[in-house]
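What follows is one structure encoded as structure tokens, with my remarks underneath.
The values are calculated or read from the model by the stated rules, or taken from the named source; none is laboratory data. None of the values given here were measured: they were computed from a predicted structure. Every residue, glycine as well, gets a Cβ built from its backbone with ideal geometry; the counts of neighbours run over all protein chains shown.
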């Protein structure tokens, strides 16, 4: 990708705004996350339509297969009104946001299980590397790079 193209894409993305000042767009590289609180004056459906219209105006395509909707709620809420989902968007209970698994009830069980599974796989890799003759110092370097960096 050329620098000129990158600059023009960055400039295009920078003019994407929410309809309401209460709603929030979080942008990172080519990912954009829309956060609409329950007390917003403009709802999720209107904001999502606005984003779709913006993308269409700039001849961009939103990958609806990768687009997910999650509704965050208190873990033990006594009453909860589940909003209507956006048609063609999958509503999920856990979402991956920049490598962190966020659950709809703010529990981190999915994230902890994911990290433990990954660490278990890395420990197995370290065993294989040890059996291939890597020194303790080299194994320690691999451990720091693969395990500690994840934690």
How many residues of region 47-69 are surrounded by 11 or more Cβ atoms within 10 Å (Cβ to Cβ) and either more than 21 Å from residue 91 (Cα to Cα) or not assigned by TED's automatic domain parsing to the domain that holds residue 84 (or both)? The answer is 5
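For region 62-109, enumerate the residues that are touching a helix residue (DSSP H, G or I) at 6+ places or on another chain (Cβ under 7 Å) and within 23 Å of residue 19 (Cα to Cα). Spell out how you get there, then give the answer.
At the first step, the residues of region 62-109 found to be touching a helix residue (DSSP H, G or I) at 6+ places or on another chain (Cβ under 7 Å) are 62, 83, 86, 94, 100-101, 103.
If the condition is that a residue be touching a helix residue (DSSP H, G or I) at 6+ places or on another chain (Cβ under 7 Å) and within 23 Å of residue 19 (Cα to Cα), then 62, 83, 86 are the ones that fit.
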Q.
Quick check on region 98-109. Is at least one of its residues out of contact with any strand residue (DSSP E or B) (no Cβ under 6 Å at 6 or more places or on another chain) and touching a residue at least 40 places away in the same chain (Cβ under 8 Å)?
A. yes
* Asked: Taking the stated definitions as given, is residue 114 outside any helix (DSSP H, G or I) and surrounded by 11 or more Cβ atoms within 10 Å (Cβ to Cβ)?
  -> no
Scanning region 16-26 residue by residue, those exposed (fewer than 13 other Cβ atoms within 10 Å of the Cβ) and either at pLDDT below 85 or under 13 Å from residue 49 (Cα atoms) (or both) turn out to be 17
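Table: residues versus (1) modelled with pLDDT of 90 or more; (2) farther than 16 Å from residue 25 by Cα; (3) assigned to a loop (DSSP other than H, G, I, E, B).
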{"site": "49", "(1), (2), (3)": "yes, no, no"}
{"site": "56", "(1), (2), (3)": "yes, yes, no"}
{"site": "62", "(1), (2), (3)": "no, no, yes"}
{"site": "66", "(1), (2), (3)": "no, yes, yes"}
{"site": "73", "(1), (2), (3)": "no, yes, yes"}
{"site": "76", "(1), (2), (3)": "no, yes, yes"}
{"site": "81", "(1), (2), (3)": "no, yes, yes"}
{"site": "86", "(1), (2), (3)": "no, yes, yes"}
{"site": "96", "(1), (2), (3)": "no, yes, no"}
(1) exposed (fewer than 13 other Cβ atoms within 10 Å of the Cβ); (2) over 29 Å from residue 44 (Cβ atoms) all hold for residue 87 apart from (2)
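Taking the residues in region 27-46 that are touching a helix residue (DSSP H, G or I) at 6+ places or on another chain (Cβ under 9 Å) and surrounded by 11 or more Cβ atoms within 10 Å (Cβ to Cβ) as candidates, determine which candidate is farthest from residue 82 (Cα to Cα). Full working, then the answer.
In the first step, residues of region 27-46 are kept if they are touching a helix residue (DSSP H, G or I) at 6+ places or on another chain (Cβ under 9 Å); the result is 27, 30, 32, 34, 36, 40, 42.
If we keep only those that are surrounded by 11 or more Cβ atoms within 10 Å (Cβ to Cβ) too, we end up with 27, 32, 34, 36, 40, 42.
Values: 27: 26, 32: 23, 34: 17, 36: 14, 40: 15, 42: 17 Å.
Looking at residues that are touching a helix residue (DSSP H, G or I) at 6+ places or on another chain (Cβ under 9 Å) and surrounded by 11 or more Cβ atoms within 10 Å (Cβ to Cβ), I get 27.
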